[in-house]
Amino acid sequence: MDRRTMGRMLSPIWRRMRLLVSRGVLQMSKDATGLQEVQVTLQGDEPAWAERFQQYGHTSVPHSGAEAVVASVGGARAHLVALVVDDRRYRMASLKAGEVAIYDDLGQSVHLTREGIVIKGAGLPLAFVDCPVVTMDGDLEVAGDVRDHTSTMQAMRDTYNPHTHGGPGPDRSMS
C-alpha cells in the first residue's frame, strides 16, 4: 500500500483524534440541572453545550470568559464534556507546595496555608448557619466587638461597670 492510500485511510481517524480534546472559552452556564451545563466556543467554532463534571463536594459557576478543557466523547462534537474550567482573572496565585484554597471573584477565600487556615471575607459577613453548637478548644481573640442578638459586649460593660453595691465597708465595684 502506498503512502497516499495509507493517508486517505487514516485521515478520518486522525481527524477524530484531533477533536478528542480541545481548549475552549466559556460563554455561559446553566446550573439548575443534575450536571451543570456550559456553553463553550472551541477553536473558532460556533458555541456548543457541554456537560461540566466537577469534583464531588465542590461546585462553582464560572464567569463567561473562563477557559475550559473539553473532551469530545468518542470523538463526536455532538457529545461534549467539560473536564476542567479555570479563570486566570481570579485564580489565587503564589501558593506554596501542598497548600490548598477555595476562592471566588470577590476576593473571598479559605486558604489552607503551611502556617494555618486563613479565611478572608472580602469585607462581607461570615455566617455560621444551622449550627446548634460551635465548639473551640483554643483561645478566641477578637479585634472588634462581641455581639449577641440584643447588644454588644461593650454596651454591657458600659451598663454594668459603673454599678456598685452600697453598704458598710469599701466600695465593691463590679468592674
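Where a number appears in this text, it was derived from the coordinates with a stated rule and is not lab data. Since the model is a prediction, treat every value here as computed from it, not as a measurement. Positions of Cβ are generated from backbone atoms using ideal geometry, with glycine treated the same way; all protein chains shown enter the neighbour counts.
A few points about this structure:
- Amide N proximity, the range 51-80 versus Met17 label position 7 Å along Cα-to-Cβ, cut-off under 20 Å: 70-77
- Anisotropy class of the range 28-175 from Cα gyration tensor, a/c 1.5 cut: prolate
- Shown in residue order for the range 63-73 are the 3J(HN,Hα) couplings computed by the Karplus curve 6.51 cos²θ - 1.76 cosθ + 1.60 at θ = phi - 60°: 6, 4, x, 5, 9, 9, 9, 10, 10, 9, 4 Hz (x for Gly and Pro).
- Gaussian network model of the chain, Cα within-10 Å springs - most flexible of Pro12, Pro62, Pro132: Pro132
- With the charge dipole of the range 1-50 set up from +1 on Lys and Arg Cβ and -1 on Asp and Glu Cβ about the Cα centre, the Cα lying farthest toward the positive end among the listed residues Trp49, Val25, Met6 is that of Met6.
- Helix-only arithmetic for the chain: the sum of -39500 (n - 2.57) across DSSP H runs with n ≥ 4, divided by the residue total, places the mean residue ellipticity at 222 nm at -4500 deg cm²/dmol.
- GNM top mover of Leu124, Leu19, Leu140 - the chain, alpha-carbon springs below 10 Å: Leu140
- Relative to the longest principal axis of the Cα atoms of the chain, the long axis of helix 3-20 lies at roughly 20 degrees.
- Here is the list for the range 54-159: chymotrypsin sites (Phe, Trp or Tyr not before Pro) lying in DSSP coil, each with at most 11 other C-beta atoms within 10 angstrom of its C-beta, are Tyr56, Phe128.
- Magnitude of the charge dipole for the chain, about its Cα centre and with charges confined to Cβ atoms of Lys, Arg (+1) and Asp, Glu (-1), is about 1420 debye.
- Most mobile listed residue (His111, His58, His149) in the chain, GNM with C-alpha springs under 10 Å: His149
- Database remark: amide H of Arg52 closer than 5 angstrom to the amide H of Gln36, Glu37, Val38, Ala82 (H placed geometrically; neighbours at sequence offset of 5 or more, or on other chains; Pro and chain starts carry no H).
- For the range 3-86, the gyration tensor built on C-alpha atoms gives a prolate shape. Its axis ratio a/c (a ≥ b ≥ c) is at least 1.5, and a/b is the larger of a/b and b/c.
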